[in-house]
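The values are calculated or read from the model by the stated rules, or taken from the named source; none is laboratory data. This is a predicted model, so every value here is computed, not measured. Every residue, glycine among them, receives a Cβ derived from its backbone with ideal geometry; neighbour counts consider all protein chains shown. Heads up: the accessible areas ignore ligands, DNA and RNA and are worked out on the full protein's heavy atoms, side chains in. Shrake-Rupley method; radii C 1.70, N 1.55, O 1.52, S 1.80 Å.
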Amino acid sequence: MLDLLWKIVVMAVIGSVIGGFTNHIAIKMLFRPLEAKYLFGWRLPFTPGIIPKRRGAIAEQLGKTVVNYLLTPEMFRKKFFNADNQQKIEAKANELIQQYVFAEDKTLNDWLKQAGVADAPQLIEQKIDTVIDQQVMHFKNVLSKDAIEALLPPSWTEKVDAKIPEVSSYILMRGDDYFASSEGYLTIKGLIDNFLESKGTLGGMVQMFLGDSDSIVLKVQKEIHNFLVAPGTFNMVNNILITEWGKLRVQTVPQILGDLDFTSVTRNIQSYAKKELAIETHLDKPLVHYWPTGAQHLADKVVPQVVAVGFEKAEANLETAIARLDIEELVREQVDTFPLEVLEKLVLGITGRELKMITVLGFVLGGFIGILQGIISYFM
């Protein structure tokens, strides 16, 4: 009986050591050795370990698994392209717009400086000067080259042509009113008196013959009236105006007025424009000063539409973007280049307790098998 007990104990110890050590070696051979071992030029079997040896296949299979089952387009759509995220992005965008774009303490000049334009008021004023100078020079060239009729719209020249008879009638009417007035009377009398005095004795004889100048003035007024209201006079004045207008309309402005001083005109326009625009003063105010409801308007009308379009475009191009990322190859490269020592520590750190239990289980099973072998060998 003692022999049986002794044999069972010995077989149990041997089986336990073999079972436990075998499991321990099997676990170690998952990672160790990290590279192939050679003896007399021959690679030793089971080197390197299973994971180092099959590292490329594991990396490739893991890449396919990630793409096909983990990082799929459906997962991205479910995770990112949903109403909750859209509302969060809208809220964040509105917050940033309110905080930075419509800040009370950030002027338009500050925005321009941040964009790299340090002297915006001076640059804008220089641009205004340049534009005004160019426009004035263009206007000067047009006036120098083009005739009056080319400068005026056709409707204007037609109106001038239609107004000439009215102007003729107006001139004659005003002339008739003037010479019939007391002022006209005195003008005629003065002209007659001066004329007679200039003729000396002959003028005195004429005055004696015709009477005093007052009677002559009345006669002259009557004749002037008859002359001004005569149809022939109207035709004469009207024809003169038509002729002069015809000469005037084919001439240029410098031909009529002579050389014009555009330099002073340009400077005056530039000074007036810069004074009225007050560029520096306007740029020293924040955007909210000019657009008090801007943040609310963007929040109500612009941001939701921009975010919605952005989500729509991003979702429509999601699969293309994922394909360009080539996640499968990215995972494969990362796994293939991941240090095996770190991977070993990572796996053992996570499953260390379970792996130790497997080793213990090997000891237990080995011992149990040793006991059975001892009993069986005793009876055989």
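Observations
- Only one entry in Leu143, Leu112 is modelled with pLDDT under 90, farther than 30 Å from Asp259 by Cβ and touching a helix residue (DSSP H, G or I) at 6+ places or on another chain (Cβ under 6 Å), namely Leu112.
- Scoring Val288 on the criteria (1) surrounded by fewer than 14 Cβ atoms within 10 Å (Cβ to Cβ); (2) more than 30 Å from Thr22 (Cα to Cα) leaves a single failure, condition (1).
- In region 19-39, the residues that are on the phi < 0 side of the Ramachandran plot and among the hydrophobic types (A, V, I, L, M, F, W, C) form Cβ pairs under 6 Å with partners that are assigned to a helix (DSSP H, G or I) and open to solvent by 60 Å² or more (accessible area, probe 1.4 Å), at six or more places apart or across chains, as follows: Leu30/Ile50.
- When region 204-236 is filtered for residues that are at pLDDT 80 or above and either among the basic types (Lys, Arg) or outside any helix (DSSP H, G or I) (or both), the ones remaining, listed by number, are Lys219, Lys222, Ala230.
The rows are residues; the columns are (1) surrounded by 13 or more Cβ atoms within 10 Å (Cβ to Cβ); (2) part of a helix (DSSP H, G or I); (3) within 37 Å of the chain's Cα centre (by Cα); (4) of a type in the set (Lys, Arg).
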position: Gly56; (1), (2), (3), (4): no, yes, no, no
position: Ala59; (1), (2), (3), (4): yes, yes, no, no
position: Met75; (1), (2), (3), (4): no, yes, yes, no
position: Lys79; (1), (2), (3), (4): no, yes, yes, yes
position: Asn85; (1), (2), (3), (4): yes, yes, yes, no
position: Gly116; (1), (2), (3), (4): no, no, yes, no
position: Gln122; (1), (2), (3), (4): no, yes, yes, no
position: Ile128; (1), (2), (3), (4): yes, yes, yes, no
position: Val136; (1), (2), (3), (4): yes, yes, yes, no
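- The single residue among Gly63, Gly20, Gly15 that is assigned to a helix (DSSP H, G or I), in contact with a Ser or Thr (Cβ under 8 Å, 6 or more places away or on another chain) and either among the polar types (S, T, N, Q) or surrounded by 12 or more Cβ atoms within 10 Å (Cβ to Cβ) (or both) turns out to be Gly20.
- Residue match in region 15-25 (condition: aromatic (Phe, Trp, Tyr) and under 60 Å from the mean Cα position of the chain (by Cα)): no
- Just one of the listed residues (Thr72, Thr47) is hydroxyl-bearing (Ser, Thr, Tyr) and modelled with pLDDT under 75, namely Thr47.
- Single residue of region 274-299 satisfying the filter (in contact with a Leu (Cβ under 8 Å, 6 or more places away or on another chain) and not in a helix (DSSP H, G or I)) that is nearest to Glu125 (Cα to Cα): Asp284
- Of the residues in region 147-160, at least one is within 30 Å of Ile269 (Cβ to Cβ) and at pLDDT 90 or above.
- Residue in region 356-363 that is among the polar types (S, T, N, Q) and surrounded by 11 or more Cβ atoms within 10 Å (Cβ to Cβ) present: yes
- Among the residues of region 146-159, those that are open to solvent by 50 Å² or more (accessible area, probe 1.4 Å), part of a helix (DSSP H, G or I) and of a type outside the set (Lys, Arg) comprise Glu149, Ala150, Leu151, Pro154, Ser155, Trp156, Glu158.
- Total residues in region 348-380 satisfying the condition of being within 60 Å of the chain's Cα centre (by Cα) and either touching a residue at least 24 places away in the same chain (Cβ under 8 Å) or at positive phi (or both): the figure is 0.
- Under the condition of being open to solvent by 70 Å² or more (accessible area, probe 1.4 Å) and in a loop (DSSP other than H, G, I, E, B), the residues counted in region 237-257 number 1.
- Taking the conditions (1) in contact with a Pro (Cβ under 8 Å, 6 or more places away or on another chain); (2) among the basic types (Lys, Arg); (3) within 29 Å of Val360 (Cα to Cα) in turn, Lys28 satisfies each one other than (1).
- Any hit, region 51-61, residues being more than 30 Å from Thr266 (Cα to Cα), among the charged types (D, E, K, R) and in contact with a strand residue (DSSP E or B) (Cβ under 8 Å, 6 or more places away or on another chain): no
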